[in-house]
Amino acid sequence: MKPDLITTIAEIRALCLDLKQSGRKIGLVPTMGALHAGHGALMDRARCECDAVVVSIFVNPIQFDRKEDYDRYARNLAVDLAFCGQHGVELVFAPSPGEMYPHVQHTFVEVTGISEKLCGEFRPGHFRGVATVVAKLFNIVQPDYAYFGEKDIQQLAVIRTMTADLNMPVSLIAVPTVREPDGLALSSRNERLTPEQRRAAPAIYAALQLARDMVLQGVRDAKAAKQPALAKLAEEPQLRPEYLEVVNAETMQPVSEVSGRVCVAAAVWLGTTRLIDNVLCP
Ligand code: AMP
């Protein structure tokens, strides 16, 4: 069944309030559209655990550090709506930028520490934009559960910290990364790859797995654990790594000695497309 498309805050708020008052648990899946099976996994999980599933589709201007990335971001609401319908979603909230930001935004959510390394170092203001829009969505929809992908592991850590620090009454559910058969993490940005770049891209996950193997074999020196992964990326001239780091899985701070749960995370450029991926160890 096709979900209802809601574009105003007043209307989605009223509908969600009705759902809550009738005792139904709401699951929110925040997205930027261009939906794929990765988003589908979040929706399916929400469908299993909640009485009503709300998907937000909003390409959030304040989280883009490069205007051309924002302008190029794939948008196709009709296709996305049909996709949501196939995953049992009741409500799609797709506001315009003017609806979400009717006047200059003066208030931002800044999650210090966790936001600062990895993507935070290379995309200034990105996590401030993400945390702010997610806080707005939580206030608008007031979900009981919200679903996020492990693919964006630092984003997940930022949102987790924000909800805990600001006592937001929502339970976060992390969903494992959905991959192509060759290992490439599904991403809306994969569509931009040329056939040659697409052939090179699976080396990112292969490299991350090499680092994970090192950690699982007991290598404690992070630099040594990273070495085969960096060598793997270097074999592919199309790939330009921005970072490849071993970080604490909760704080997202790079470690020099591996202890406890870590995550190996990378951002890699292929031409003008930037892809991110990570693996958790163990
Ligand atoms: P996006 O539309 O890229 O902002 O992503 C919306 C949500 O889908 C985020 O929580 C992402 O982490 C999640 N997501 C994106 N790609 C994947 C994937 N390949 N596997 C699982 N979750 C994903």
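Could you give every pair whose Cβ atoms fall below 8 Å, whose first residue belongs to the stretch 8-30 and is exposed (fewer than 14 other Cβ atoms within 10 Å of the Cβ), and whose second residue is part of a helix (DSSP H, G or I) and of a type in the set (D, E, K, R), counting only separations of at least 6 or pairs across chains?
If the second residue must be part of a helix (DSSP H, G or I) and of a type in the set (D, E, K, R), the pairs left are THR8/GLU99.
If you scan the stretch 259-275, which residues turn out to be closer than 16 Å to LYS226 by Cβ and of a type in the set (A, V, I, L, M)?
Of everything in the stretch 259-275, those that are closer than 16 Å to LYS226 by Cβ and of a type in the set (A, V, I, L, M) turn out to be VAL262, VAL264, ALA265, ALA266, ALA267, VAL268.
Applying the selection to the stretch 75-132, what residues are among the aliphatic types (A, V, I, L, M), over 19 Å from SER187 (Cα atoms) and buried (at least 16 other Cβ atoms within 10 Å of the Cβ)?
VAL89, LEU91, VAL92, ALA94, MET100, VAL109, VAL111, ILE114, ALA131 - these are the residues of the stretch 75-132 that are among the aliphatic types (A, V, I, L, M), over 19 Å from SER187 (Cα atoms) and buried (at least 16 other Cβ atoms within 10 Å of the Cβ).
Scan the stretch 160-205 for residues that are in contact with an Asp or Glu (Cβ under 9 Å, 6 or more places away or on another chain), within 16 Å of the ligand (Cβ to nearest atom) and hydrophobic (A, V, I, L, M, F, W, C) and report the count.
Residues that pass the stated criteria total 9.
Could you check the stretch 32-62 and list, in sequence order, the residues that are in a helix (DSSP H, G or I) and closer than 16 Å to ALA94 by Cβ?
In the first step, residues of the stretch 32-62 are kept if they are in a helix (DSSP H, G or I); the result is 37-49, 61-62.
Within the stretch 32-62, HIS39, MET43, PRO61 qualify.
Residue by residue through the stretch 227-236, note down the ones that are in contact (Cβ under 8 Å) with a residue 24 or more places away in the chain and surrounded by 15 or more Cβ atoms within 10 Å (Cβ to Cβ). Talk me through it step by step, then tell me what you get.
If we filter the stretch 227-236 for residues that are in contact (Cβ under 8 Å) with a residue 24 or more places away in the chain, which is where we start, we get 229, 232-233, 235-236.
Residues satisfying the conditions are ALA229, LYS232, LEU233, GLU236.
For HIS36, all conditions in the list (1) open to solvent by 20 Å² or more (accessible area, probe 1.4 Å); (2) away from the ligand (no atom under 16 Å from the Cβ) hold save one; what is the number of the exception?
Just one mismatch for HIS36, condition (2).
Within the stretch 181-190, how many residues are over 23 Å from VAL158 (Cα atoms) and within 17 Å of the chain's Cα centre (by Cα)?
Of the stretch 181-190, the ones over 23 Å from VAL158 (Cα atoms) are 181-184, 190.
With within 17 Å of the chain's Cα centre (by Cα) added as a condition, the list becomes 184, 190.
Number satisfying all stated conditions: 2.
Scan the stretch 101-114 and tell me whether some residue there is of a type outside the set (Val, Ile, Thr) and part of a helix (DSSP H, G or I).
Filtering the stretch 101-114 for residues of a type outside the set (Val, Ile, Thr) gives 101-103, 105-106, 108, 110, 113.
So of that shortlist, the ones also part of a helix (DSSP H, G or I) come out as none.
No.
Identify, please: which residue in the stretch 44-56 is open to solvent by less than 20 Å² (accessible area, probe 1.4 Å) and without any contact (Cβ under 8 Å) to a residue 60 or more places away in the chain and is, among those, farthest from the chain's Cα centre (by Cα)?
Quick first cut of the stretch 44-56, residues open to solvent by less than 20 Å² (accessible area, probe 1.4 Å) only: 46, 50, 52-56.
Subset that is without any contact (Cβ under 8 Å) to a residue 60 or more places away in the chain: 52-53, 55.
Values: ALA52: 22, VAL53: 18, VAL55: 14 Å.
Restricting to residues being open to solvent by less than 20 Å² (accessible area, probe 1.4 Å) and without any contact (Cβ under 8 Å) to a residue 60 or more places away in the chain, the top hit is ALA52.
Taking interchain pairs and intrachain pairs at least six residues apart, which have beta carbon atoms under 6 angstrom, with the first residue in the stretch 115-129 and farther than 17 Å from MET162 by Cα and the second among the aliphatic types (A, V, I, L, M) and crowded, with 19+ Cβ neighbours inside 10 Å?
Pairs that qualify, where the first residue is farther than 17 Å from MET162 by Cα and the partner is among the aliphatic types (A, V, I, L, M) and crowded, with 19+ Cβ neighbours inside 10 Å, are LEU118/ALA265.
Between a residue in the stretch 141-159 that is over 19 Å from ILE57 (Cα atoms) and more than 9 Å from the ligand (Cβ to nearest atom) and any residue that is of a type in the set (Asp, Glu) and at pLDDT 95 or above, which pairs come within a Cβ distance under 8 Å, given they are 6 or more apart or on different chains?
Between residues of the stretch 141-159 that are over 19 Å from ILE57 (Cα atoms) and more than 9 Å from the ligand (Cβ to nearest atom) and residues that are of a type in the set (Asp, Glu) and at pLDDT 95 or above, the close pairs are ALA157/GLU250.
So which pairs qualify, if the first residue must be in the stretch 194-212 and open to solvent by 60 Å² or more (accessible area, probe 1.4 Å), the second must be of a type in the set (D, E, K, R), the Cβ gap must be under 7 Å, and the two must be at least 6 apart or on different chains?
Filtered contacts from the stretch 194-212: LEU210/LYS232.
Considering only residues of the stretch 237-271 that are among the acidic types (Asp, Glu) and either in contact with a Phe, Trp or Tyr (Cβ under 9 Å, 6 or more places away or on another chain) or open to solvent by 60 Å² or more (accessible area, probe 1.4 Å) (or both), which is nearest to ALA201 (Cα to Cα)?
Filtering the stretch 237-271 for residues among the acidic types (Asp, Glu) gives 242, 245, 250, 257.
Remaining after also requiring either in contact with a Phe, Trp or Tyr (Cβ under 9 Å, 6 or more places away or on another chain) or open to solvent by 60 Å² or more (accessible area, probe 1.4 Å) (or both): 242, 250, 257.
On the way: GLU242: 14, GLU250: 27, GLU257: 29 Å.
Ranking the qualifying residues of the stretch 237-271, first place goes to GLU242.
Checking GLY23 against (1) in a loop (DSSP other than H, G, I, E, B); (2) within 19 Å of ARG189 (Cα to Cα); (3) not hydrophobic (A, V, I, L, M, F, W, C), only one condition comes out false. Which one?
The number of the failed condition is (2).
The values are calculated or read from the model by the stated rules, or taken from the named source; none is laboratory data. Keep in mind it's a predicted model, so treat the numbers as computed, not measured. Here the Cβ is made from the backbone with ideal geometry for all residues, glycine too, and neighbour counts use every protein chain on show. With ligands, DNA and RNA removed, areas are computed over all heavy atoms of the protein, side chains included. Shrake-Rupley method; radii C 1.70, N 1.55, O 1.52, S 1.80 Å.
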